[in-house]
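Reading through the structure tokens given below for one structure.
What follows draws every value from the coordinates through simple rules; no lab data is involved. From a predicted model like this one, the values you see are computed outputs, not experimental measurements. Note that each Cβ is placed from the backbone with ideal geometry, even for glycine, and that neighbours are counted across all protein chains shown.
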Amino acid sequence: GQLNDLAVRAGLKYFGTALREGAINSDASYAAILGNKSEFGQLVPENGQKWDATEPRQGQFSYTQGDITTSTAKKNGQGVRCHTQIWYSQLPSWVSSGSWTKDTLKAVMATHMNNVMGHYKGQCYAWDVVNEAVADDGTWRPNVFLSTFSTDYLPLSFNLAKAADPDVKLYYNDYNLEYNGAKTDRAVELVKIVQAAGAPIDGVGFQGHLIVGSTPSRSNLATALRRFTALGLEVAYTELDIRHSSLPASSAALVTQGNDFANVVGSCLDVAGCIGVTVWGFTDKYSWIPETFSGQGDALIYDKNFGKKPAWTSVSSVL
Ligand code: XIL
């Protein structure tokens with residue numbers, strides 16, 4: 001079977017992948033696998049819906065990059081996760097370095113969300129409303145929103161998102177929640193802050209940027225997911241990749257990588273309320289990992305020549 005078909009049969013809503021905007025029109029082999037809805041039932045734009053892509057200058061909106069994903073998904077009958085709104089990164093300097101009052105920054109946020117979420121209304125299953133608001137040590141990650149509003153920007157963001165699109169699922173999304181440490185504790189508090197303010201939140205995305213051999217066990221992963229389903233939310237793995245910390249990977253390391261992928265996907269199957277898994281790209285030919293973590297990589301389920309890796313087989317067997 002193919003991964004999305006297997007995932008749906010196993011009770012998930014989808015098995016999906018990020019779409020790299022620069023590859024889809026130039027690489028036919030890439031496009032063919034990505035566009036097979038039996039393999040990937042859902043797409044998410046790797047970069048095209050971020051603030052720097054959609055509103056690079058104040059009030060000038062562009063959907064050229066983001067629309068690549070929605071039009072590809074539409075053509076192939078696939079769903080879409082939309083990513084992302086309020087984030088410190090890939091945020092144009094006119095926002096991050098502006099001098100704002102609460103009122104003026106709130107207006108900027110509302111205008112951005114009303115335009116971008118309005119443009120994609122009806123096309124997304126979920127939006128990542130707030131991305132990466134917590135640092136790895138469990139403190140609040142500094143950004144222009146935190147410095148302007150303190151943590152009030154969290155419920156504010158979800159309220160503005162609800163006003164921009166009342167029908168889409170609204171997510172908090174972050175990485176390293178999988179380890180169930182101080183960062184996970186703070187993310188739980190984040191959800192409670194949003195809920196206590198009466199603002200809407202539907203889900204938490206576990207990005208799942210993990211490391212071969214250091215990925216938590218299936219049961220520990222499920223325990224971390226359940227901390228959020230216990231608050232009435234759904235959860236999903238939204239950006240899964242599991243990188244080798246040194247390259248080239250030995251054949252033993254490829255087997256470990258497969259076991260790690262199976263533990264992540266298996267943990268989602270184990271948790272009622274875990275609704276799907278998205279990999280952050282599918283081929284080692286196109287991945288952010290070597291660009292960001294020097295010397296590391298080969299974090300995905302197909303190799304650079306579009307051959308299925310042991311990780312693909314492990315995922316298909318656990319589903
Ligand atoms: C990454 C993209 O994959 C890269 O192409 C880009 O240069 C930087 O951003 N967490 C997120 C994603 O939420 O948006 C990031 O994507 C990876 C980490």
In whole percent, what relative contact order does region 3-318 give with Cα contacts below 8 Å and a gap of six or more residues? 16 percent
So if I take the centroid of the Cα atoms in region 259-316 and the same for region 6-33, what is the distance between those two points in Å? 12 Å
Quick one: dipole size for region 249-306, taken about the Cα centre, charges +1 on Lys/Arg Cβ and -1 on Asp/Glu Cβ, in debye to the nearest 20. 80 debye
Could you pull out every residue, at least 5 positions away or on a different chain, whose amide H is within less than 5 Å of the one on Cys274? Hs are placed 1.01 Å off N in the peptide plane, and Pro or chain starts have none. Val235
Using +1 at the Cβ of each Lys and Arg and -1 at the Cβ of each Asp and Glu in the chain, identify which of Val315, Asn36, Ser294 lies farthest towards the dipole's positive end. Asn36
Rounded to the nearest 500 deg cm²/dmol, what is the calculated helix-only ellipticity per residue at 222 nm for the chain, with -39500 (n - 2.57) per DSSP H run of length n ≥ 4? -12000 deg cm²/dmol
By a straight-distance test (C-alpha under 12 Å), which aspartates and glutamates pair with Lys183 as possible cross-link partners, with residues fewer than eight away in the same chain excluded? Glu132, Asp136, Asp137, Asp174
Need one number: % antiparallel among DSSP beta bridges in the chain, to the nearest 5. 10 percent
Which listed residue (Pro248, Tyr237, Gly198) has the Cα farthest towards the positive end of the charge dipole for region 161-319, taking +1 on Lys and Arg C-beta and -1 on Asp and Glu C-beta about the Cα centre? Pro248
Charges on Cβ only, +1 for Lys and Arg, -1 for Asp and Glu, centred on the Cα centroid of the chain; of Asn4, Gln49, Phe282, which one is farthest towards the dipole's positive end? Asn4
Taking a temperature of 20 °C and a viscosity of 1.002 mPa s, what whole-number D in µm²/s does Stokes-Einstein yield for the chain with Rh from Kirkwood over alpha carbon pairs? 109 µm²/s
Each label point is 7 Å from the Cα along the Cα-to-Cβ direction; what then is the distance between the points at Ala107 and Asn305, in nm? 5.9 nm
